[in-house]
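Here the structure is laid out as structure tokens; the discussion comes afterwards.
The values are calculated or read from the model by the stated rules, or taken from the named source; none is laboratory data. Note that the coordinates shown come from a computational prediction; the quantities given were computed from them, not determined experimentally. Quick note on the areas: whole protein, heavy atoms, side chains included, nothing else; ligands and nucleic acids left out. Shrake-Rupley method; radii C 1.70, N 1.55, O 1.52, S 1.80 Å.
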Amino acid sequence: MKRINPNTNQPFKYGDIREDGFVFVDFRKTRPIKKDGTFQENWLSPKNFDKRNQWNNQNSAKWKANNILRTKENSKNHAKNNPDLYAAKTSKRRAAKLQRTPKWDSESHLIQAKYQLANMLTRETGKPHHVDHIIPLQGKKVCGLHVFSNLRVILGEENIKKSNKFPI
């Protein structure tokens, strides 16, 4: 039996915080059941929880760098096994782009030129180039428009690193 979080009336899950500040990590699998019939719980102090997250992030990045082909294969398999998820994600992006393309933009015909430039650079250099929104269309803090002045052509890996971030 898993103990119930009194705040949510659900079993504890990763990241839940106790009254004393400790953070829930998981139910231990090596000694699953205690004498009272509950699962053994793993709680960490906030400091150790942050250390663990940093260590996991660093090692995850190292693993991905050392296993690029396997990472790509895992991504392809995930996309193949979850087509509805990717369809929804693509539709959301397309809708955001449409909503943020103003009708008054006099330079809208030039947007296609940026995409043509990105394709040409990809062909010539052999490295993928993307058209990046300087101020992202779906940023957390700020959202930009799909206009010529908000677009630039950059290397694909730089665009992926940037993600939906904009330094404020």
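Before moving on, here are some points about what is shown:
- Built amide H within the under 5 Å cut-off of Asp26, gap 5+: Asn42
- Measuring only protein heavy atoms, the 1.4 Å probe finds Trp63 accessible over about 100 Å².
- D_trans [Stokes-Einstein, Kirkwood Rh over alpha-carbon pairs] for the chain, 37 °C, 0.692 mPa s, µm² s⁻¹: 160 µm²/s
- Chain lengthening between Asn42 and Lys76 when straightened (0.36 nm per residue, less Cα-Cα): 8.9 nm
- Rolling a 1.4 Å probe over the heavy atoms of the protein chains gives the chain an accessible area of 77 Å² per residue.
- Note on the stretch 52-156: with neighbouring protein chains present and a 1.4 Å probe, carbon and sulfur make up 55 percent of its accessible heavy-atom surface.
- Computed helical MRE - 222 nm, the chain, DSSP H runs ≥ 4 contributing -39500 (n - 2.57), nearest 500: -15000 deg cm²/dmol
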